[in-house]
1. Taking segment 286-306 only, how many residues are open to solvent by 10 Å² or more (accessible area, probe 1.4 Å) and either of a type in the set (Asp, Glu) or part of a helix (DSSP H, G or I) (or both)?
2. Considering only residues that are open to solvent by 20 Å² or more (accessible area, probe 1.4 Å) and modelled with pLDDT of 90 or more, which ones fall in segment 412-433?
3. Can you spot a residue in segment 99-109 that is part of a helix (DSSP H, G or I), open to solvent by 40 Å² or more (accessible area, probe 1.4 Å) and touching a residue at least 24 places away in the same chain (Cβ under 8 Å)?
4. Can you name every residue in segment 67-90 that is touching a residue at least 24 places away in the same chain (Cβ under 8 Å) and open to solvent by 60 Å² or more (accessible area, probe 1.4 Å)?
5. Part of a helix (DSSP H, G or I), open to solvent by 20 Å² or more (accessible area, probe 1.4 Å) and over 17 Å from residue 410 (Cβ atoms): is that true of residue 319 in this structure?
6. Taking the stated definitions as given, is residue 368 farther than 25 Å from residue 305 by Cα, open to solvent by less than 20 Å² (accessible area, probe 1.4 Å), touching a residue at least 40 places away in the same chain (Cβ under 8 Å) and in contact with a Phe, Trp or Tyr (Cβ under 9 Å, 6 or more places away or on another chain)?
7. So, restricting to strands (runs of 3 or more DSSP E) that lie completely within segment 179-278, which ones have at least 3 residues that are buried (at least 17 other Cβ atoms within 10 Å of the Cβ)?
8. Can you name every residue in segment 34-88 that is of a type outside the set (A, V, I, L, M), in contact with a Lys or Arg (Cβ under 8 Å, 6 or more places away or on another chain) and within 30 Å of residue 19 (Cα to Cα)?
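The values are calculated or read from the model by the stated rules, or taken from the named source; none is laboratory data. No experiment lies behind these values; they were computed from the predicted model shown. Reconstructed Cβ throughout: ideal geometry from the backbone, glycine too, with neighbour counts over all protein chains shown. Protein only, heavy atoms only, side chains kept; ligands, DNA and RNA dropped before computing areas. Shrake-Rupley method; radii C 1.70, N 1.55, O 1.52, S 1.80 Å.
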Amino acid sequence: MSAHFWNDPDHLLHIIIAILIVDNLWSLYLLLREIRMVYRVVEVPEVISPYLPQELFERMRKYKLHKSWFTVVNTLVFVITIGVIELYFGFYAWLWNLATKCAVARWMEDETVTSILFILFLSTYMTIKALPGHLYERYCIPSVQTKYYPPLGKRILKEVIEIIIWLMVMIVLVLAIVYGFIAFGNYALLGMYLLSIVFTIILILIVPLLIDPCIGHRVPLEESALRSEMERLTEAVGFPIEQVHIIQVNDPNTGSNAFFYGCCCLKRIVIFDTLLLNRGQRNTSDLLPHEVGKGLRDNQVIAVVSHELGHWMHGHFYRAIILFKIHILLTFLLFALSFAHGPIYQAMGFEPGVQPIIVGFVIMFGFVLTPYTTLANFVLLTNTRHFEYQADSFAYELGYDRDLREALLKLYADNLTYPITDPCYSCWNHTHPTILDRLERLESLERGGRFS
């Protein structure tokens, strides 16, 4: 195409609108495939039937269909239709002008202040736009899970605290972006990429120290058959037993889970107490009704730990960090190619020469870079699913394949994870393989197959 085409705001507006429509229609196509799969399977798969009653499976199926069709309607109306209207009539330029007019004092005319007002207005608008769908999803789609809700006062206080924290984070982020671009000029993106590396290193260092207080509090693993078997397993692979943490989670609605995180002396295997049978308590009178009977037996817990050790042995943490940094580098390179292109801003309704920094971030990451981020997300998800298969293979090599299979079945039933999904939908949306795929891989390993 000629240079004139890429410099024509009208053409660019049509391209941006097309990106919005095509990306969301692709998501809807995948979701419709998922809906078709759910309609086809009306009985619980035989392999999971001992853990998942047909009545509960049917409730999960109805919930899945209800929520999926709600997503279809919500995407068509609020994301595509209203999104196209916003782009066509220059909503973002209008909102920036509104923020500019609110500068009633001279100090408020600074671009940083205007950017903060713009983000606050945009966040308020997005919240209001999403409110009908949020209310419908919360109150009109009956949840399959039995959940414990704290008193209303505590819930309101929690919401207020979360909003305040979110606003503080957004203000700091806006200040960092705007001042960074003003201070570093043409080298701003390079500086931001280097800062992202520094930020990643800081997270690697401090997150292991924050896991315990943020999720719950650490409880000791008392002398028992579970501890003895865990010591034997960790000693066999060279992982320090003191880095296996049992966390008593604060939120009783937290699902059964375990994960590996960190590197070197800061590595952790974190096990939620909800993963243990009856949260590891012999006396079940202190448990909520829906917690009784949930969790895994000791041999199944050990199998899950062997899976997490597989992530450590294969260096998945390092590989994931490197792949993500490559993704960020490519994102910044594409961002640099389009960020300063004036006709893009004119396509969004801005006057020639008006290119607000924070609006550029919203436009580029919200619309222009969508084709790349969609494909990159597919690659990242494929990589994480490959990691899961590798970790399962490691557990198999240690001899825990049967216990791991039983643990997976029990966990999916306890967490009420719907077991049926369309393969194509899963490839584009799921970080983990489906329960049926993982069981099939484990059975293939037992039959003599090999998956790396």
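1. Selection size over segment 286-306: 7.
2. Passing the criteria: 421, 423, 424, 425, 427, 428, 429, 430, 431, 432.
3. no
4. Within segment 67-90, 67, 69, 76, 88, 89 qualify.
5. Judged against the criteria, residue 319 is a match.
6. Taking the combined requirement at face value, the residue does not satisfy it.
7. Of the strands (runs of 3 or more DSSP E) lying wholly inside segment 179-278, those with at least 3 residues that are buried (at least 17 other Cβ atoms within 10 Å of the Cβ) span 244-249, 258-261, 268-272.
8. 78
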